[in-house]
Amino acid sequence: MNECTVIGPLLGGALIGVGASLLLLFNGRVAGVSGIVGGLLFRKPGDTAWRAAFVAGLLVGGLALVAAHPVAFPSAGGGGSLGLVIVAGLLVGWGARLGNGCTSGHGVCGLSRLSVRSLVATLTFIATAAITVYVSRHLLGGAR
């Protein structure tokens, strides 16, 4: 493994950990993206500004990375149909509601708090992703 393939993920993971820790420290909130976005859709008075800033930071950070390092997203701008992307996004949102959290809430914040529920949820996420990749690539003949 060369230096570039190690440094980027380490820095990214460290930034996610620092961001989640700062949100918990200064706002008393767990950095679960589905819950943060859900709070924007179903607003509570006085609870919108930090949620909007968090989501804006995610979007701006992603756009900045695409602008600065386009090869980080090899399929950006044309990997699939817009309809498929919308359906996939809705399914992810429904799954996050069904699982009482998303990968960031359970996988990053829940595991760091030694939550058994988050461990089960994270293992379920990983197993489901592995099965989905296997089915789509090997049984349905998708791209490799």
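Read-outs throughout are calculated quantities, based only on the coordinates presented, and are distinct from any laboratory measurement. On a predicted model such as this, the values are computed, not experimentally measured, just so you know. In this analysis, Cβ positions are derived from the backbone assuming ideal geometry, glycine residues included, and neighbour counts consider all displayed protein chains.
Phi angles across the stretch 11-22 convert, under the Karplus curve 6.51 cos²θ - 1.76 cosθ + 1.60 with θ = phi - 60°, into 3J(HN,Hα) values of 5, x, x, 5, 5, 4, x, 5, x, 5, 5, 5 Hz, Gly and Pro given as x. For mean projected area of the Cα convex hull in nm², computed directly from the structure shown, the correct entry in (i) 9.0; (ii) 10.8; (iii) 9.7 is (ii). Which of these, Gly46, Gly17, Gly105, has the largest mean-square fluctuation under a Gaussian network model of the chain (Cα springs below 10 Å)? Result for the chain, Cα springs under 10 Å: Gly46 fluctuates most. Projected label points at Ala52 and Ser112, each 7 Å from Cα along the beta carbon direction, are separated by 2.6 nanometres. Here the label points at Leu119 and Leu24, each 7 Å from Cα along the C-beta direction, are separated by 1.6 nm in the simple model.
Where does the chain land at 222 nm, in deg cm²/dmol rounded to the nearest 500, when only DSSP H runs of n ≥ 4 count, each adding -39500 (n - 2.57), divided by all residues?
When only DSSP H runs of four or more count, the value is -21000 deg cm²/dmol.
Taking other Cβ atoms within 10 Å as a rough exposure proxy, Ser81, Ser136 sort from fewest to most as Ser81, Ser136.
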